[in-house]
Every structure is written in structure tokens, then in C-alpha cells.
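Please read the structure below before turning to the comments.
The values are calculated or read from the model by the stated rules, or taken from the named source; none is laboratory data. Please read all numbers here as calculations on a predicted model, not as lab measurements. Cβ sites come from the backbone with ideal geometry, for glycine too, and all protein chains shown count toward neighbours.
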Amino acid sequence: MRGLLFLLSALLLLESTDGNKYNQLSQHEKNIIDTAIKLANEKYGKIKHLDLASILEANYDKRMLHVILKPTSCDKRTPSVHREDCEIQDKAIPQISCVDCRGSMSCLRIRGKDKIKETVSACLKRSHLLGEGHMLTQRRK
């Protein structure tokens, strides 16, 4: 039941946030997405340019952004950044899931659903950065 609920919420978010919304994102979010595009194209992009298809989840409290990248109508080239002139090819492969958790990027093929869920879950469970004090133990100046 929980899996079905997760799938439905992901599909709704997928439908509402597509690659055309890139220009409406903050510069910080654009930087994260450009990093995901670069990494995914280096690792998985063979012939076609991989670009932002959707934002699946954004959790600003946990500093996590989960995006889906898909092949486009454009050929791969460097540098790999978001390209407005490329049309997303929804049925083409590979489709890539990239999760940025506190500045650490992980990109995997969509078919690795268990590993993706594990990555997202691990990020959301972390309460604070290692080496960083909890906010209740920090002194105020």
C-alpha cells in the first residue's frame, strides 16, 4: 500500500514539474541540476544528451533534491548543461535518477529502483551533517 502511495505521489509530482520549469528554479537548484546533468552524461550518456525531465522530490530541510534525466533529441556534446533547444524523448533509454543529498550527488539508472529508494531514504533519515552540532547544543552569539 505504501509503495502504491509513493508511486502515485511521484507520478503527480512528475506531471507537475517538467524540464520547461528550469528557468523558474533558483540558481542553487540550477547548479545542482547542472551537476546532475554533467555527471549523468559522463556516466550514462552515450549518443544523446541527457537533460532534466522532472523534479521528483525536493526536501529543503534535509537538503535533498531528486531529479529524473532523460535522453533528448540533441546529440551528446560537452559541456553538458541544461539545453533549452533539446526536446525530451520520454520513451528513450537510459532514464536516470539523480539524488543530491547535502552536496553529494548519486546518479543511477531508473531500473535500479531499490537502490534509488535506499539513497533517498538514507538522505531523509539523516538528522544533521556529520561533525556538525545539533542546533540545540550550539551557542548563540
Practice task
Could you give me the residue pairs with C-beta distances under 6 Å whose first residue belongs to the range 107-132 and is over 22 Å from I37 (Cα atoms) and among the aliphatic types (A, V, I, L, M), whose second residue is surrounded by 12 or more Cβ atoms within 10 Å (Cβ to Cβ) and at pLDDT below 95 wherever it lies, and which are 6+ apart or on separate chains?
Solution key: L124/K62
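This table checks each residue for (1) farther than 14 Å from D51 by Cβ; (2) over 14 Å from the mean Cα position of the chain (by Cα).
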residue: E87; (1), (2): no, yes
residue: P94; (1), (2): no, yes
residue: C101; (1), (2): yes, no
residue: R109; (1), (2): yes, no
residue: G112; (1), (2): yes, yes
residue: V120; (1), (2): yes, no
residue: K125; (1), (2): yes, yes
Exercise for the section: For K117, indicate whether it is in a strand (DSSP E or B) and either over 24 Å from Q27 (Cβ atoms) or among the basic types (K, R) (or both). Expected result: no
Handout entry: Of all residues making up the range 39-70, the number that are of a type outside the set (A, V, I, L, M) and outside any strand (DSSP E or B)
Key = 10
Practice task
For residues that are over 12 Å from the mean Cα position of the chain (by Cα) and buried (at least 19 other Cβ atoms within 10 Å of the Cβ), scanning just the range 39-56, find the one that is modelled with the lowest pLDDT.
Solution key: G45
Exercise for the section: Assess whether D90 counts as being acidic (D, E) and under 21 Å from E29 (Cα atoms). Expected result: no
